[in-house]
1. For segment D:57-73, which residues satisfy the criterion of being surrounded by 20 or more Cβ atoms within 10 Å (Cβ to Cβ) and at the interface with chain C (Cβ under 7 Å from one of its Cβ atoms)?
2. Can you confirm whether segment C:85-103 contains a residue that is within 14 Å of chain A (Cβ to nearest Cβ) and of a type outside the set (Lys, Arg)?
3. Looking only at segment D:1-15, decide whether some residue is aliphatic (A, V, I, L, M) and at pLDDT below 95.
4. All but one of (1) assigned by TED's automatic domain parsing to the domain that holds residue D:22; (2) of a type outside the set (A, V, I, L, M); (3) over 18 Å from the mean Cα position of the chain (by Cα) hold for residue D:75, so report the exception by its number.
5. Go through segment B:64-92 and report how many residues are in contact with a helix residue (DSSP H, G or I) (Cβ under 7 Å, 6 or more places away or on another chain), among the charged types (D, E, K, R) and over 27 Å from residue B:54 (Cβ atoms).
6. List the residue pairs whose Cβ atoms are under 8 Å apart, where the first residue sits in segment A:72-91 and is among the basic types (Lys, Arg), the second is in a helix (DSSP H, G or I), and the two are 6 or more positions apart or on different chains.
7. Considering C:42, C:35, C:31, C:83, which residue is buried (at least 16 other Cβ atoms within 10 Å of the Cβ) and in contact with a Pro (Cβ under 9 Å, 6 or more places away or on another chain)?
8. Taking the options C:13, C:6, C:35, name whichever one is touching a residue at least 12 places away in the same chain (Cβ under 8 Å), within 13 Å of chain A (Cβ to nearest Cβ) and either assigned to a helix (DSSP H, G or I) or touching a Lys or Arg at 6+ places or on another chain (Cβ under 8 Å) (or both).
Number of protein chains: 4
Amino acid sequence: MQTDFLDEVRDELREFVEARDWAQFQSPKNLAMALMVEAGELAEHFQWMTEAQSRQLEPEKEKEVAHEIADVFVYLVRIADQLGIDLKHSVREKIALNAQKYPVELVRGSAKKYTEY
Amino acid sequence: MQTDFLDEVRDELREFVEARDWAQFQSPKNLAMALMVEAGELAEHFQWMTEAQSRQLEPEKEKEVAHEIADVFVYLVRIADQLGIDLKHSVREKIALNAQKYPVELVRGSAKKYTEY
Amino acid sequence: MQTDFLDEVRDELREFVEARDWAQFQSPKNLAMALMVEAGELAEHFQWMTEAQSRQLEPEKEKEVAHEIADVFVYLVRIADQLGIDLKHSVREKIALNAQKYPVELVRGSAKKYTEY
Amino acid sequence: MQTDFLDEVRDELREFVEARDWAQFQSPKNLAMALMVEAGELAEHFQWMTEAQSRQLEPEKEKEVAHEIADVFVYLVRIADQLGIDLKHSVREKIALNAQKYPVELVRGSAKKYTEY
């Protein structure tokens, strides 16, 4: 039986944190703060770029960005785990809600509608 | 063969965006910005809570938080996809780097060491 | 006639940006992004601290925090100026709105009410 | 003798918080978190705009943005005050440092240099 990547990472991170006795610092409040800080580090790479430039990163920059994305991912998995939230279930649920909220025929290709939604 | 959750979600979101012709708005720059905004909405739930309170959410609050976490997740999958980044590979790589950076024997149970690293 | 600090800083920053021909990069969109990134750098200092620790910073840490606060301040003055917004007027207006929104007799000393508002 | 706007606002906000007995919730940690959340609300207005669009806001949108800017300003004044930081001194100091860090002759008009600094 194949194990799912997300479950694997959740378990690995749980062990990582337990081995270092860091769960005491990883309250959901602190994790939410750390996650936002990492999201800021990700955004920093793009802040003075044009949108076009952001679509064509140099390999070295792309590598750095990939690691920032991974940092956010790690905290996201951790905060869900600390709260006992089923991340996969929540993502499925939210995507279904978004599909209802933004019906194709209503919002297709319109920046105006996109921003107003 | 079982498909992995993360691959499934990436493919679904790609279709979601294509059906709405939204890829034009989803430059990595804009996605990084939107991701940070969603991270802010997640953090907002916790900003005046104590750490202890953040560990014991009411069911209704937990539901809201779960959806904010899902929002961040969706943008994270999208930005990786738009940049052609292999999210699973990057996460594996970053966890391995973190294990090197924070050796158990050095950082165990110490807030001081935790914060200085 | 004494000049106001905020007006002085606005004028100095305007000259700073013009001398470097940076106004082209300082669109309100980019400034909003940079401001959020700096807010993240400010928050990073506090993310693993307890609230009590955050009230008693070491002098060196306080100095670093003071400079992060200044960074946010600079972008705040810049974004208002680029948008032609009268920052002083807006702040006065918002404080008056907050006073209406949170009447003393209703919200006094209650975390519960504070968070629900 | 004219009082400075920034000093006036700091004193008003101090009274505002004291009247509501909110200083207990306004630890520097919580204020840094709240400030970042407000910075996210400011950025949200711009996330799907082009840079050009962000330079030409509709009056109603500009009003909303002005209030978000004021929200960030209020928390910035509060966190400095709670930490006993002289905001005006720190801003002066940081602008002087920036002038040294980005000499006109070196960085003028170059996005490349701008982003690498």
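1. If the condition is that a residue be surrounded by 20 or more Cβ atoms within 10 Å (Cβ to Cβ) and at the interface with chain C (Cβ under 7 Å from one of its Cβ atoms), then D:57, D:65, D:66, D:69, D:70, D:71, D:72, D:73 are the ones that fit.
2. Looking through segment C:85-103, none of the residues is within 14 Å of chain A (Cβ to nearest Cβ) and of a type outside the set (Lys, Arg).
3. yes
4. Answer for residue D:75: the failing condition is (3).
5. 3
6. A:78/A:13; A:78/A:17; A:78/A:31; A:88/A:6; A:88/B:5
7. C:83
8. Within the list C:13, C:6, C:35, the selection yields C:35.
The values are calculated or read from the model by the stated rules, or taken from the named source; none is laboratory data. What you are looking at is a predicted structure, and each value in this text was computed from that prediction instead of being measured. A quick note on method: Cβ atoms are made from the backbone with ideal geometry, for glycine too, and the neighbour counts reach across all protein chains shown.
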